[in-house]
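The values are calculated or read from the model by the stated rules, or taken from the named source; none is laboratory data. All of these numbers come straight from a predicted model, not from anything done at the bench. Cβ: placed from backbone, ideal geometry, glycine included. Neighbour counts: every protein chain shown. Note: accessible area is taken over every heavy atom of the protein model, side chains too, but ligands, DNA and RNA are not part of it. Shrake-Rupley method; radii C 1.70, N 1.55, O 1.52, S 1.80 Å.
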Amino acid sequence: CLALEWLCRRTVGRRAVVIAVAGSYGKTTTTRAIRTMFGLKPSTWVDANANCFALVGIALVRGLLEARVVVVEVGTGSPGQMTRYAAALRPSIVVITNIGTEHVQAYRDIDHLRDEEATLVRGLPATATAVLNADDPRVASMAAETRARVVTYVSGDDVDVRGGGFMVDWPRGTRFDVTVEGDTYPVMTGLVGAGMARCVLAALAVVVAARRPVADAIQAAAALPPPRGRLEPRLHAGGAVILRDD
């Protein structure tokens with residue numbers, strides 16, 4: 001299926017903007033947030049966590065049938081996978097959320113896993129963009145390994161998209177501020193907690209990378225519901241609100 005993906009990317013999909021989302025945690029929520037901000041409809045395929053092997057190719061083909069902007073979640077379970085994904089996807093924008101111990105058992109150690117994830121960034125041309133979590137040293141260091149433009153996000157003073165003031169507005173979601181190019185905007189999202197809100201920050205960094213209006217993206221983020229079973233508030237028949245995270 002990756003061969004079909006390679007062919008599609010070089011023929012009918014050659015003019016598409018392909019956004020690849022990788023990292024240890026938060027990929028699905030970040031993918032959902034990007035899709036929402038780019039005006040794409042909710043997708044059961046995205047929520048199903050279809051992010052590895054032939055599913056990556058299927059995700060690209062499905063996305064090309066939907067729009068000229070395709071957001072693909074990319075997971076890795078063994079060394080060498082990212083090289084094949086990079087060649088087939090030819091992403092315009094790559095997002096690296098973080099590097100953690102998820103799937104590390106398939107690698108020598110966490111730094112080996114980090115090098116695998118960095119393959120997507122290293123292969124980017126100068127015309128592409130790497131969106132990197134500046135709060136994660138293993139991700140931030142990838143900026144030195146790419147020719148592409150780099151857009152950074154999270155909480156540092158020198159990042160391009162800076163978030164702060166995270167406050168849970170229970171059970172409606174989370175409020176925080178985001179600063180882009182000197183302008184600060186209030187953000188409300190239906191996602192619960194600072195960890196989930198960082199996925200929205202990553203998506204806003206993609207909006208900046210794509211040179212799209214930040215204010216419109218923030219308005220779209222307000223309509224983003226929490227993913228099923230991932231810090232999802234559920235109203236119980238008795239009136240209590242249960243935070244489902246199964």
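List of remarks:
- Descending by average beta-carbon neighbour count within 10 Å, the peptides 137-144, 239-246 line up as 137-144, 239-246, the highest first.
- Inverse mean reciprocal Cα-Cα distance (Kirkwood Rh) of the chain, Å: 18.1
- Accessible area in the full protein assembly, largest first, 1.4 Å probe, for Met82, Met37: Met37, Met82
- Exposure of Thr44 as accessible area (Å², to 10), given a probe of 1.4 Å and all protein chains: 120
- Taking a Cβ cut-off of under 15 Å around Val192, the surrounding Lys, Arg, Asp and Glu residues balance to a net charge of +4, with basic ones at +1 and acidic ones at -1.
- Per-peptide average of other Cβ atoms within 10 Å, ordering 209-218, 85-94 highest first: 85-94, 209-218
- Tensor-based shape of the range 135-207 (alpha-carbon gyration tensor, a/c under 1.5 rounded, otherwise prolate or oblate): prolate
- Based on DSSP H segments of at least four residues, each scored -39500 (n - 2.57), the chain has a per-residue ellipticity at 222 nm of -10500 deg cm²/dmol.
- Per-residue SASA entry for Leu224, accessible area with 1.4 Å probe, Å² rounded to 10: 10
- Exposure rank, largest accessible area first [His112, His236; 1.4 Å]: His236, His112
- Between Arg62 and Met167, the simple spin-label model (points 7 angstrom out along Cα→Cβ) gives 3.8 nm.
- Segment Gln219..Thr44, full-extension length gain: 60.7 nm, with 0.36 nm per residue of separation and the alpha-carbon distance subtracted.
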